[in-house]
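Asks: My questions all concern the structure below.
The values are calculated or read from the model by the stated rules, or taken from the named source; none is laboratory data. This is a predicted model, so every value here is computed, not measured. Quick reminder, even Gly has a Cβ in these numbers, built from the backbone with ideal geometry, and neighbours come from all protein chains shown. Just the protein is used for accessible areas: all its heavy atoms, side chains included, with ligands, DNA and RNA removed. Shrake-Rupley method; radii C 1.70, N 1.55, O 1.52, S 1.80 Å.
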Amino acid sequence: MEFTTFFKWLDEIIYILAIIGGCVAGYFIYSGLSTREERIRYRMRIRQGVVKQKEKYILDASNSLEEQLLKQAGHPLKINGLRYRVIRILTLVIIAINYTILPFFSTGSFNIASLLIVLAFFVLTEPKLKFSLFSIILNKVIEYRQAKRNSEIFQLHDLLISEIDMMTNNRVNTYNILKNLYPYFTSIKGEFTRILMNWKNDPDEALEVFSKEIDTKEAKALVSVLKKLDDNEQSVAIEALRSHADLFAKSQIENYRRRKKLFLDIGGIPIRAAHFFIILNFLSIVVYMVLNIFSTTRSL
């Protein structure tokens, strides 16, 4: 059995030994025809080129479409654009080696089904395709995260009214109120932290940054009120907040409906994925049968 395996892989072993021998011979020729200083300079140029390519790749990944989607989704599992690209490439290489290259060495021919598996993985993980599994899942996660953030904006609106209503002082101190309400939030905790950190420098700018980061009409409406709270008395501040009550109530209802729809859509992803793989399997069988018929026809 061992001798059979050895002769089965004999051609591949010869190719590998030839490649190794060629590399060793090239190294000795290079060492003999160049001085030590030339080799050092050449290695430094190669190292600088690798560093530049690495920096360029990292910069390109940080400005890529997948980085934008992952950032809007809150970087799930702490994956950014660069990590996603590395994971995707490594997985694609492993699948290609396992399903195409190794079977080719064993049988001497490519399996259409194996090529379809590699192609399917490439398509499903391509962020530029709107119908890819990566884009669909991330868009759903972004919508769900946005819905949760909006829910906490509504909560902030109600807590502000309650907090100002219970105040004994007639004047409103917006910074102290926001500082007291800070522990109640999780989805907008990062944005909330930046408000408190930048408040002393420029309150209006801090609130404006918060509005842009949340990027919803409810957040913009709330920020427009928060900018003027310090200049108003308690009764005026409460009235200004309650004037947006109808907008927030309707938005809360719409937000609840959106979240319910998102739960249903996310729950339906495994079913859609199963249908996709069933169709892919059917197509691979059809392609295999057609190729088999063609090969039989040629042999006749």
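Asks: Under 31 Å from the mean Cα position of the chain (by Cα), farther than 30 Å from A61 by Cβ and either surrounded by 15 or more Cβ atoms within 10 Å (Cβ to Cβ) or of a type in the set (V, I, T) (or both): is that true of F185 in this structure? Lay out the reasoning, then the answer.
Replies: Working: under 31 Å from the mean Cα position of the chain (by Cα): yes; farther than 30 Å from A61 by Cβ: yes; either surrounded by 15 or more Cβ atoms within 10 Å (Cβ to Cβ) or of a type in the set (V, I, T) (or both): yes.
Yes; evaluated as a whole, the condition is true for this residue.
Asks: In region 188-197, which residues are open to solvent by 40 Å² or more (accessible area, probe 1.4 Å) and touching a residue at least 12 places away in the same chain (Cβ under 8 Å)?
Replies: R194
Asks: Further, regarding this structure: Residues being open to solvent by 90 Å² or more (accessible area, probe 1.4 Å) and within 30 Å of G190 (Cβ to Cβ): count how many of those fall in region 23-73.
Replies: Residues in region 23-73 being open to solvent by 90 Å² or more (accessible area, probe 1.4 Å) and within 30 Å of G190 (Cβ to Cβ): 8 in total.
Asks: Within region 169-211, take every residue that is over 25 Å from K71 (Cα atoms) and either of a type in the set (K, R) or touching a His at 6+ places or on another chain (Cβ under 8 Å) (or both) and give me the one that is modelled with the highest pLDDT.
Replies: Among them, the one singled out is K179.
Asks: Please find, within region 209-229, the residue that is nearest to N150 (Cα to Cα) out of those that are open to solvent by 60 Å² or more (accessible area, probe 1.4 Å) and not in a loop (DSSP other than H, G, I, E, B).
Replies: So in region 209-229, the residues open to solvent by 60 Å² or more (accessible area, probe 1.4 Å) come out as 212-213, 215, 217, 220, 227-228.
Filter again for not in a loop (DSSP other than H, G, I, E, B), leaving 212-213, 217, 220.
Working: K212: 13, E213: 12, K217: 10, K220: 11 Å.
Here the residue is K217.
Asks: So in region 77-123, with the set limited to residues that are touching a Leu at 6+ places or on another chain (Cβ under 7 Å) and hydroxyl-bearing (S, T, Y), which one is nearest to S135 (Cα to Cα)?
Replies: Y84
Asks: Quick one: would you say L82 is under 30 Å from Q146 (Cα atoms), assigned to a helix (DSSP H, G or I) and touching a residue at least 60 places away in the same chain (Cβ under 8 Å)?
Replies: Numbers: under 30 Å from Q146 (Cα atoms): yes; assigned to a helix (DSSP H, G or I): yes; touching a residue at least 60 places away in the same chain (Cβ under 8 Å): no.
Criteria not met by L82.
Asks: Within region 63-79, track down each residue that is in a helix (DSSP H, G or I), within 18 Å of E213 (Cα to Cα) and not aliphatic (A, V, I, L, M).
Replies: The answer is E67, Q68, K71, Q72, P76.
Asks: Sticking with this one: Where the second residue is among the small types (G, A, S) and the first is within 30 Å of G81 (Cβ to Cβ) and lies in region 35-60, which pairs have Cβ atoms under 9 Å and are six or more apart or on separate chains?
Replies: D60/G81
Asks: Ok, one more. Please verify whether region 243-264 includes one or more residues that are open to solvent by 20 Å² or more (accessible area, probe 1.4 Å), under 24 Å from H157 (Cα atoms) and either part of a loop (DSSP other than H, G, I, E, B) or modelled with pLDDT of 80 or more (or both). If you could, list the steps in order and put the result at the bottom.
Replies: As a first pass, look at region 243-264 and keep what is open to solvent by 20 Å² or more (accessible area, probe 1.4 Å): 243-247, 249-250, 252-254, 256-261, 263-264.
Those still in the list that are under 24 Å from H157 (Cα atoms) too: 243-247, 249-250, 252-254, 256-260.
When the remaining residues are screened for being either part of a loop (DSSP other than H, G, I, E, B) or modelled with pLDDT of 80 or more (or both), the result is 243-244.
Yes, region 243-264 contains at least one residue that is open to solvent by 20 Å² or more (accessible area, probe 1.4 Å), under 24 Å from H157 (Cα atoms) and either part of a loop (DSSP other than H, G, I, E, B) or modelled with pLDDT of 80 or more (or both).
Asks: Under 6 Å by Cβ, and 6 or more places apart or on different chains, what pairs join a residue from region 145-156 that is outside any helix (DSSP H, G or I) with one that is open to solvent by less than 10 Å² (accessible area, probe 1.4 Å) and polar (S, T, N, Q)?
Replies: none
Asks: So which residues in region 141-181 are open to solvent by 60 Å² or more (accessible area, probe 1.4 Å) and not polar (S, T, N, Q), if there are any at all?
Replies: Listed by number, the residues that qualify are E143, Y144, R145, K148, D158, D165, M166, R171, K179.
Asks: Just checking, how many residues over region 157-178 are of a type in the set (S, T, N, Q) and in a helix (DSSP H, G or I)?
Replies: Of region 157-178, the ones of a type in the set (S, T, N, Q) are 162, 168-170, 173-174, 176.
Imposing the further condition that a residue be in a helix (DSSP H, G or I) reduces the set to 162, 174, 176.
Matching residues across region 157-178 total 3.
Asks: I would also like to ask the following. Keeping to region 109-137, report how many residues are touching a Phe, Trp or Tyr at 6+ places or on another chain (Cβ under 8 Å), modelled with pLDDT of 85 or more and not in a helix (DSSP H, G or I).
Replies: 3
Each row is one residue, and each column tells you yes or no for (1) touching a Lys or Arg at 6+ places or on another chain (Cβ under 6 Å); (2) closer than 30 Å to N292 by Cα; (3) crowded, with 17+ Cβ neighbours inside 10 Å.
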site	(1), (2), (3)
Y84	no, no, yes
Y99	no, yes, yes
S114	no, yes, yes
F121	no, yes, yes
L129	no, no, no
S132	no, no, no
